[in-house]
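The values are calculated or read from the model by the stated rules, or taken from the named source; none is laboratory data. A quick note: this is a predicted structure, and the numbers were derived from the prediction, not measured. With ideal geometry, Cβ positions are generated from the backbone for all residues, glycine too; neighbour counts draw on all protein chains shown.
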Amino acid sequence: MNAPTYNFAYLDEQTKRMIRRAILKAIAIPGYQVPFASREMPMPYGWGTGGVQVTAAILGPTDVLKVIDQGSDDTTNAISIRKFFAKTAGVTTTTSTEVATVIQTRHRIPEASLRAGQVLVYQVPIPEPLRYLEPRETETRRMHALAEYGLMHVKLYEDIARFGHIATAYAYPVKVNARYVMDPSPTPKFDNPKMDNCPALQLFGAGREKRIYAIPPYTSVVSLDFEDHPFTRYKFDAPCALCGAADSYLDEIVTDDKGSRMFVCSDTDYCEGRQAAGHRGSQAAAPHKEAAHD
Amino acid sequence: MYVAVKGGERAIENAHRLLAHERRGDRDVPEISLAQVAEQLGLAVDRVMGEGSLYDRELAALAIKQARGDLIEAIFLVRAFRATLPRFGVTEPVDTGQMRVQRRVSSTFKDIPGGQVLGPTFDYTHRLLDPQLVHGIEPAPPAVGEASDASTPRVTDILGRDGLIEPSPQAQADADVGDLTREPLGFPAERDLRLQNLARGDEGFLLALGYSTQRGYGRNHPFAGEIRFGEVEVEFMAEEVGFAVPLGSIELTECQMVNQFKGSATEAPCFTRGYGLAFGQSERKTMSMALVDRALRARELGEDVLAPAQDEEFVMSHSDNVQATGFVEHLKLPHYVDFQSELGLLRKLRKEFEEANAAPSLQEAAE
């Protein structure tokens, strides 16, 4: 029986080269979805295989990797992917946004500002922003080629006609470098402004759909809107109950069966950093740390 | 008092430990061996090799054991392993006309050169649960006869001699064959890629689509021209020695469907082909594949594309069970953040709805 042996960061060098070529093309054409020969990874499609392939292709031995899911380093799939790279690449891992050189994420952009030299790798389920308006790839590729985005504007307009505002809460479409309409992955629209003019490189990997796209550093990213209905960021009513932050995205925690709720930062590193710096929310407690074990 | 959720790492480790325990089951029951899976659950192994795209009975048996008999999970394990294998080259096309057939049936001719051979089949068994198998039984040895040295030409080749069926496209030796595991799929896709996609596609999905064509959604009136199962030789052109070297033999099932074609302004009416091929004995799969292959040729044959089975983008984008199961099951992953955005939006919409509905009644009350 063939005993499996794996290369640094799992993928063979030929595959990494193929992915890097796709990444370079994606960087050269900001927001354009580059088809790539996505491989079957040892985790399921839809669980971050695109992000994992991008990370595997760019990771070097000196990189420091952070993996988050829903903003947290401690969600099970984030742990699973972090362990995968710790095992197959032997890279240092961290939960600190500041320390990391590569951050793989699902559904969030960290609260702390990213810096030049960092790479943010997004896991993307459906890369095509027009997909729910037009299911055919042959059609949507043509629409992108012609920059024919009227359908998307009509959809947003219909929201306004029906609800009085744009009723898209996450995966809110953006226009990159004044050319391609792009799906930011299912991040809440709260995170959209962070993509604009960001010093870090942003790479997006969709494994099942076999697409890679990118936002190079310092590129304009504009959330689609109308002059009389400008894009608005989601605003929470109360600050984080643990760290008191008023500027972060919050998770709603159901605390009993009588309808009690509390709101805490979704970005756990940000929240813990603020608590360590002495900030306190209304229900602050010392965060419980998992005991080390291997 | 709320504390941030931690402990995921230990939870994962313990879950996997429990999984291994459950996989083993009652430890008083002897553990199943790979040889038992390969020998006694052979059709499961065939399916995993086929949809896993890797001809290795032992690895497929291991995958089935590891997956606790969940065949899609086993296919996934084999695919993930396959993706890591280096490629040495491409074999010569196999010649199914030279197959050492164990089974070969045609529904279009009563007798055919080489004869009809039933072989090992569930066909004509009465589906009655067999109490003799409860404690195991030594079956009678198979009947043996003199092997005939008559050749077994493909039924479609017999039809082809009179031009009644479209010719099978000739292999172009120097043209590259597409490989959707190495190049991203684009549309429209040619038949090589479509057939590769169908060969890897989920048996259940293809069965349902093939069935839908029989019930009128893209009907093309099929006959099972021939289904054959047996061993074929695999050869590899070794540049160093300058000739094709046999690598070994594999078991294949091939199905050639013969379908109606009314003809067009430029082409005389003739029968057309739908083709199915799979590792091992996989008749349901190859028959379904042949129906769907024919349906997907609608564009090429100038037929209207109206039914799901004729729509290559629909079929090819959804046939892969490893992709499908991953994306369906990813709904198990946390979606707190998106859900929170939706909650916020929904609360806002409901508040606006209530305010809008409350306003007129207040006005009425004032009047």
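Brief remarks on what is shown
- Exactly one residue out of A:Asp73, A:Asp63 is within 14 Å of chain B (Cβ to nearest Cβ) and touching a residue at least 12 places away in the same chain (Cβ under 8 Å), and it is A:Asp73.
- Pairs with Cβ under 8 Å, 6+ apart, first in region B:205-218 and within 10 Å of B:Val292 (Cα to Cα) and assigned by TED's automatic domain parsing to the domain that holds B:Ala295, second polar (S, T, N, Q) and part of a helix (DSSP H, G or I): B:Leu206/B:Ser288; B:Leu207/B:Ser288; B:Leu209/B:Ser288; B:Gly210/B:Ser288; B:Tyr211/B:Ser288; B:Gly218/B:Ser212; B:Gly218/B:Gln310
- B:Phe279 satisfies every condition listed in (1) surrounded by fewer than 23 Cβ atoms within 10 Å (Cβ to Cβ); (2) under 13 Å from the mean Cα position of the chain (by Cα) except (1).
- Within region B:74-92, the set of residues being surrounded by fewer than 19 Cβ atoms within 10 Å (Cβ to Cβ) and of a type in the set (D, E, K, R) comprises B:Arg82, B:Arg87, B:Glu92.
- Close Cβ contacts (under 7 Å, 6 or more residues apart or on different chains) running from residues in region B:59-82 that are in a helix (DSSP H, G or I) to residues that are among the basic types (Lys, Arg) comprise B:Leu71/B:Arg47.
- Of the residues making up region A:186-208, those that are facing chain B (nearest Cβ under 10 Å) and in contact with a Lys or Arg (Cβ under 9 Å, 6 or more places away or on another chain) are A:Pro186, A:Thr187, A:Pro188, A:Lys189, A:Phe190, A:Asp191, A:Gly207.
- For region A:195-235, the candidate set comprises residues that are of a type in the set (Lys, Arg) and surrounded by fewer than 21 Cβ atoms within 10 Å (Cβ to Cβ); within that set, the residue that is modelled with the lowest pLDDT is A:Lys235.
- The lone exception for B:Asp338 - which of (1) touching a strand residue (DSSP E or B) at 6+ places or on another chain (Cβ under 8 Å); (2) more than 14 Å from every other protein chain (Cβ to nearest Cβ); (3) surrounded by fewer than 22 Cβ atoms within 10 Å (Cβ to Cβ) it fails: (2)
- So B:Asp95, is it surrounded by fewer than 17 Cβ atoms within 10 Å (Cβ to Cβ), charged (D, E, K, R) and over 28 Å from B:His221 (Cα atoms): no
- Residue check: B:Asn259 meets all listed conditions (1) within 25 Å of B:Arg104 (Cβ to Cβ); (2) modelled with pLDDT under 95; (3) in contact with an Asp or Glu (Cβ under 8 Å, 6 or more places away or on another chain) but one, namely (3).
- Taking the criterion of being of a type in the set (Ser, Thr, Tyr) and facing chain A (nearest Cβ under 9 Å), the only residue of region B:54-87 that qualifies is B:Thr84.
- Evaluated against (1) on the phi > 0 side of the Ramachandran plot; (2) surrounded by fewer than 24 Cβ atoms within 10 Å (Cβ to Cβ); (3) out of contact with any Asp or Glu (no Cβ under 9 Å at 6 or more places or on another chain), A:Arg162 falls short on exactly one condition, (1).
- Pairs, first touching a residue at least 40 places away in the same chain (Cβ under 8 Å) in region B:106-118, second among the charged types (D, E, K, R), C-beta under 6 Å, six or more apart: B:Ser106/B:Glu226
- Hits in region A:97-136 - residues which are polar (S, T, N, Q) and in contact with an Asp or Glu (Cβ under 6 Å, 6 or more places away or on another chain): A:Thr97, A:Thr101
- Applying the condition of being among the β-branched types (Val, Ile, Thr) and in contact (Cβ under 8 Å) with a residue 24 or more places away in the chain to region B:138-190 and asking which residue is farthest from the other protein chains (Cβ to nearest Cβ) yields B:Ile158.
- Taking the criterion of being crowded, with 20+ Cβ neighbours inside 10 Å, of a type outside the set (Lys, Arg) and within 11 Å of chain B (Cβ to nearest Cβ), the residues of region A:80-111 that qualify are A:Thr105, A:His107, A:Ile109.
- Put simply, of B:Ser264, B:Ser317 the only residue that is within 33 Å of the chain's Cα centre (by Cα), assigned by TED's automatic domain parsing to the domain that holds B:Arg219, free of Cβ contacts under 8 Å to residues at least 40 places away in the same chain and outside any helix (DSSP H, G or I) is B:Ser264.
- Any hit, region B:202-219, residues being assigned to a loop (DSSP other than H, G, I, E, B) and within 18 Å of the chain's Cα centre (by Cα): yes
- Filter result (touching a residue at least 24 places away in the same chain (Cβ under 8 Å) and either of a type in the set (S, T, N, Q) or surrounded by 14 or more Cβ atoms within 10 Å (Cβ to Cβ) (or both)) within region A:132-152: A:His144, A:Tyr149, A:Met152
- Output for region A:24-48, where each listed residue is crowded, with 24+ Cβ neighbours inside 10 Å and in a helix (DSSP H, G or I): A:Ala26
- Out of B:Leu345, B:Leu301, one residue alone is surrounded by 13 or more Cβ atoms within 10 Å (Cβ to Cβ), over 23 Å from the mean Cα position of the chain (by Cα), assigned to a loop (DSSP other than H, G, I, E, B) and among the hydrophobic types (A, V, I, L, M, F, W, C). It is B:Leu301.
- Region A:26-49 residues that are more than 7 Å from chain B (Cβ to nearest Cβ) and closer than 13 Å to A:Gly207 by Cβ, paired with ones that are modelled with pLDDT under 95 and part of a loop (DSSP other than H, G, I, E, B) (beta carbon under 6 Å, 6 or more apart): A:Thr49/A:Met41
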